[in-house]
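Report on the following structure.
Just so it is clear, none of the values below were taken in a lab; they were calculated from the coordinates. Treat the numbers as computed from the prediction; the structure is a model and nothing was measured. Note that each Cβ is placed from the backbone with ideal geometry, even for glycine, and that neighbours are counted across all protein chains shown.
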Amino acid sequence: MSNKALMQRDLKILWHPCTQMKDHETLPLIPIRRGKGVWLEDFDGNRYIDAISSWWVNLFGHANPRINTAVKAQLDTLEHVLLAGFSHEPAIRLAEQLVQITPPGLERCFFADNGSTAVEVALKMSFHYWRNTGHSEKTRFITLTNSYHGETLATLAVGDVALYKETYEPLLMKAITVPSPDCFTRDEGESWAEHSKKMFTRMEQALAQYADQTCAVIVEPLVQCAGNMRMYHPAYLQLLRDACNRYNVHLIADEIAVGFGRTGTLFACEQAGISPDFMCLSKGLTGGYLPLSLTLTSEQIYQAFYDDYEKLTAFLHSHSYTGNPLGCAAALATLDIFANDNVIEHNQQTARIMGKSVAHLEDHPHVGEIRQTGMVLAIEMVKDKASRTPYPWQERRGLQVYRHALERGALLRPLGNVIYFMPPYVINEEQIRQLAQIATEGIELATGDD
Ligand SMILES: *Cc1c(COP(=O)(O)O)cnc(C)c1O
């Protein structure tokens, strides 16, 4: 078996996610034979550093021996059982541990099987809570521009990335969309905190106008990942928590991408010292092994559903693989690594190395900004540095960086014109330097014509 043979078989029969399949007439499709640590190896023996953690899921490397052992042991014990009327120890233990490590007040865990479904659960639960408590007039959601919460119709509706959303607009419920505190758009000389706080006035206005009809505000704390890794200051979340209390509106924190240490703390909400009413977790939850997700909420919200069956207040939502034991075993092994290995502290050092490795690009004429929050580092390529004018999207400059990186042994899949590092936490200094070198060459290549 070779890359070419597998690619030919694949392209005859598969339809890949988030892909214009015609691109593969010229773009190589890489079949992966195995993974180890930060490395992925293809069928021709080429190796690639997985700089984006296979779409932000992997935390402790591919084929991690500790997670492997846990999943194998679970496999010989119980592969799956429904979670309605039945239960299993991995789900119970995982929920107990998550309640301990998430912000205070999150005390009830509802399982699902991927990120989008966790967000759907939060949206439905929030709406249903208000209905159960006599507020059926609350039917709307407030979201930020440039936000992303998944690909199903309700999660697209509360998202705002045009590339994914626009086509389906006629099918979507109408969200109330408020300008993001994204600090890329701050004025010169303005600090992140100043800008994010200033942007909050728009949220305050929306809440003042729409709170009576609104179930919840949904945000990605600190980093809008799919929205080109745009970042904002934790002060915004403090203001938002306070306002949601004042206006009697829930706060949904979608930590699917930023949870489990990505932003430098175990959960991004910690940096603001806030507790949301709902927290959605997936991606890194299983260390990048298996599809699993959770929506955590408060005992008070749970109690609004708890009544005699005939009252019909129950939350009758389910997915076939809800709380799958193999996924729970992988998640428990992942939490074990956090508990035993000083991961957050170790990452501070890694994050510093990441930052230093690309510092030389600050003065590059086509780098509009290098920004970093913890273990997420993004480099935004622009046509004009002073005005931060973007390159026309049709030029697909990021794709040139992607192609170059593949040739040089790195999986650096950009978001538009934004090149980013969001690597497994086991990446070492030499591998970071290698990535920085490859990214630098790629950016030179992609921007070198003017
Ligand atoms: C990836 C992502 C989702 C959706 O998760 P899926 O498992 O891909 O459905 C939702 N919210 C955020 C912030 C994400 O990054």
Near the amide H of residue 255, under 5 Å away, which other amide H atoms are found, from residues 5 or more places off or on another chain, if H is placed in the peptide plane? 280
Check: in region 68-340 the Lys pairs 8 or more apart or on separate chains whose Cα atoms fall under 17 Å apart number 4
Within region 144-202, GluC sites (Glu not before Pro) in DSSP loop having at most 13 other beta-carbon neighbours inside 10 Å: 188, 190
So which chymotrypsin sites (Phe, Trp or Tyr not before Pro) in region 1-102 are both in a DSSP loop and have at most 12 other Cβ atoms within 10 Å of their Cβ? 15, 86
Sorting 230, 396 on the 10 Å Cβ count, fewest up front, what's the list? 396, 230
Quotient of Cα Rg and 2.2 N^0.38 Å for region 1-90, N being how many residues it contains: 1.44
Once phi is turned into ³J(HN,Hα) by the Karplus curve 6.51 cos²θ - 1.76 cosθ + 1.60 with θ = phi - 60°, what whole-Hz value does each residue of region 27-38 show in order, with x for glycine and proline? 8, x, 9, 9, x, 9, 8, 7, x, 7, x, 7
In the chain, what percentage of the DSSP-assigned beta bridges are antiparallel, given to the nearest 5? 65 percent
Taking amide H atoms as placed 1.01 Å from N in the peptide plane, list the residues 5 or more away in sequence, or in a different chain, whose amide H sits under 5 Å from that of residue 144. 178
Would you kindly derive the ³J(HN,Hα) couplings of region 380-396 from the backbone phi angles with the Karplus curve 6.51 cos²θ - 1.76 cosθ + 1.60 (θ = phi - 60°), listing them in order in whole Hz, with x for Gly and Pro? 9, 7, 10, 6, 10, 5, 4, 8, 6, 5, x, 5, x, 4, 5, 6, 6
In whole Hz and in residue order, list the ³J(HN,Hα) couplings for region 248-255 that follow from phi through the Karplus curve 6.51 cos²θ - 1.76 cosθ + 1.60, θ = phi - 60°; x for Gly and Pro. 6, 9, 6, 10, 9, 9, 8, 9
Shape descriptor, region 140-218: equivalent ellipsoid semi-axes (Cα gyration tensor, sqrt 5λ, whole Å, largest first) stand at 24, 17, 8
Could you please rank 26, 286, placing first whichever residue has the fewest other Cβ atoms within 10 Å of its Cβ? 26, 286
Kindly provide the GluC sites (Glu not before Pro) of region 353-450 that DSSP labels as loop, not H, G, I, E or B, and whose Cβ sees at most 16 other Cβ atoms within 10 Å. 362
Skipping prolines and chain starts, which residues have an amide H placed within reach, meaning under 5 Å, of the one on residue 230, given they are 5 or more residues away or on another chain? 224
Cβ density ranking, 10 Å radius, fewest first, applied to 346, 128 yields 346, 128
For q values of 0.07, 0.09, 0.10, 0.12 Å⁻¹, compute log₁₀ I(q)/I(0) with the Debye formula on a Cα-only model of the chain, without solvent. -0.35, -0.60, -0.74, -1.09
What whole number of Å gives the distance from the Cα centroid of region 106-133 to the Cα centroid of region 14-56? 33 Å
